[in-house]
1. Run His26 past the list (1) assigned to a helix (DSSP H, G or I); (2) at pLDDT below 85 and report the number of the one that doesn't hold.
2. Kindly indicate whether Glu114 is surrounded by 10 or more Cβ atoms within 10 Å (Cβ to Cβ) and at pLDDT below 75.
3. From the list Ala68, Ala78, Ala72, exactly one residue is surrounded by fewer than 10 Cβ atoms within 10 Å (Cβ to Cβ), at pLDDT 75 or above, small (Gly, Ala, Ser) and part of a helix (DSSP H, G or I). Which is it?
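The values are calculated or read from the model by the stated rules, or taken from the named source; none is laboratory data. Quick caveat, the model's predicted, so the values are computed rather than measured. Cβ coordinates were reconstructed from backbone atoms using ideal geometry, including for glycine residues, and neighbour counts include every protein chain displayed.
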Amino acid sequence: MYWVAQLAGALAAAALLRGSLGDIAHVGATLPSGSNLQSLLWEIVLSAILMFVMSFMMGGQVNNWAHAGGFAGGWITAQVMPIEAQKREGRLVMIVALLLALATLAGFVLSFLEVTGVLLRSRG
């Protein structure tokens, strides 16, 4: 229901702006200075920083040390791994990446189930 409310609010705000300003799409918009991929990566980085900062505002609800450890571990891993532009990853790297992606997905699913269970228990 939360996602539906967010989507409805975004659509209503967009409709209000379109109706009040007319068909002038460039008002308030910024155009990326680099490629679309570079812009997407910057958006992800800035969103991660924003979420990290916001987690400090939430008091004891978020384990900030776990987030800091995740960021530090990711940065250290990126520094240790060699990056070669034209080299394709080996089979072992691809298997490890797939296993880690599956573990991450499992973590998301388990967190979702835990939160959903808590919400359902609080209602009943």
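1. (1)
2. Against the criterion (surrounded by 10 or more Cβ atoms within 10 Å (Cβ to Cβ) and at pLDDT below 75), Glu114 does not qualify.
3. Ala78 is the lone residue from the list that is surrounded by fewer than 10 Cβ atoms within 10 Å (Cβ to Cβ), at pLDDT 75 or above, small (Gly, Ala, Ser) and part of a helix (DSSP H, G or I).
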